[in-house]
Amino acid sequence: MAQNPRRAVLFADVCDSTAIYESLGDTKALALINRLLRQLDEKVAQCSGAVVKRLGDGMVCQFSAPDAALRAACEMQTAAFDVAPGDHPKLAIKVVFTYGPVIMEGADVFGDTVNLTARLVALANPEQILTTQQTVDSLAPELQARCRPLYPMKIRGKSDEVMVCDVVWRRDADLTETLRRPGDVPSQWNLKLAYGGSMCTVEPAGSVRLGRDKANDVVVASTRASRVHARIFGRHGNFVIADQSSNGTFVLIDGNSREMVLRREEAVLGERGWIGLGESAASHGDHVLRFRLERQKSQ
């Protein structure tokens, strides 16, 4: 038996559990979260995985193959999303998995693969699955097609940057196609911005400025917007929005229940959603733009 067998290590965490406990009280919140965790346990078992241990309101799991881990991650997100909201706060989880050599001690796993997975959890958003390009390369081709490169990341303990990838898990026909074929590169995506009946296209190497001033590329005619409010630009095949405003930039990704608030910060835009300048994008006022990714047409 190999001393360092290869395993897929998966971390799943319940998001904002503190707020759930404060809203419902300890007894009800614990029962609700435990009910969700039991459902996640079942999804792991159905995909031939094993729950190694619980960490607070999360879990560490291991699988013999990365394909099984991806399928489990998608099933876990679906289970969490389908939990009936009722009168309680909406539960959401974030999931990360990687594949590589581990040290086995009984049922537990240790080593660099486990450490990398744990550090990537901090990068994941609610209702998101993250992995690495190295893990994606180990997947079956049909599962690689469900993964999209996001950005390279410097991870503590790693000499080289790690390419972080997003897994499309929703069974939604309206999702942007994310098939990866031989020769595909991340730069084959354009970003479409819609505002006030007009459409602006941002190419992979392009950049646009958003704001109230007429010198901007996209003029947002709202008193909520700063004169020079934000910039969107391509980086490593993705599109990044950088806030430069007084009141912040709000990004609401389709399908996510939680909005990102940027204050002199950057964030990678997802497949489609809404951008609010100076106020929440959820209100859909004159300060809000619509965005979506679109694959470039072949020449």
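Here are a few things to note about the model shown:
- Scanning the range 248-266 for residues that are surrounded by fewer than 17 Cβ atoms within 10 Å (Cβ to Cβ) and assigned to a strand (DSSP E or B) yields VAL261, GLU266.
- Given (1) within 22 Å of ASN125 (Cβ to Cβ); (2) over 18 Å from the mean Cα position of the chain (by Cα), number of the condition HIS287 does not satisfy: (1)
- Among the residues of the range 166-192, those identified as more than 13 Å from GLY234 (Cβ to Cβ) and either at pLDDT 70 or above or not in a loop (DSSP other than H, G, I, E, B) (or both) are ASP166, VAL167, VAL168, TRP169, ARG170, LYS192.
- Residues in the range 271-293 that are in contact (Cβ under 8 Å) with a residue 60 or more places away in the chain and not in a strand (DSSP E or B) were compared, and the one that is surrounded by the most Cβ atoms within 10 Å (Cβ to Cβ) is HIS287.
- On the stretch given as the range 109-123, residues that are without any contact (Cβ under 8 Å) to a residue 40 or more places away in the chain and of a type in the set (Gly, Ala, Ser) total 1.
- Residue-level check: of (1) crowded, with 20+ Cβ neighbours inside 10 Å; (2) outside any loop (DSSP other than H, G, I, E, B), VAL240 misses just (1).
- The criterion of at least 1 residues that are touching a Cys at 6+ places or on another chain (Cβ under 9 Å), at pLDDT 90 or above and under 22 Å from ASN256 (Cβ atoms) is met by the following strands (runs of 3 or more DSSP E) wholly inside the range 10-127: 93-101.
- Scan of the range 154-165 for residues that are surrounded by fewer than 15 Cβ atoms within 10 Å (Cβ to Cβ) and at pLDDT 75 or above, ordered by number: ASP160, GLU161
- Residues (out of contact with any Gly (no Cβ under 9 Å at 6 or more places or on another chain) and either surrounded by fewer than 19 Cβ atoms within 10 Å (Cβ to Cβ) or not assigned by TED's automatic domain parsing to the domain that holds SER226 (or both)) located in the range 189-207: LYS192, ALA194, GLY196, GLY197, SER198, MET199, CYS200, THR201
- Flag for ARG35 being charged (D, E, K, R) and over 19 Å from the mean Cα position of the chain (by Cα): yes
- Selection of the range 209-228 for residues being free of Cβ contacts under 8 Å to residues at least 40 places away in the same chain, closer than 14 Å to ASP243 by Cβ and assigned to a strand (DSSP E or B) yields only ARG209.
The values are calculated or read from the model by the stated rules, or taken from the named source; none is laboratory data. Since the model is a prediction, treat every value here as computed from it, not as a measurement. Glycine also receives a Cβ, built like all others from the backbone with ideal geometry; neighbour counts cover every protein chain displayed.
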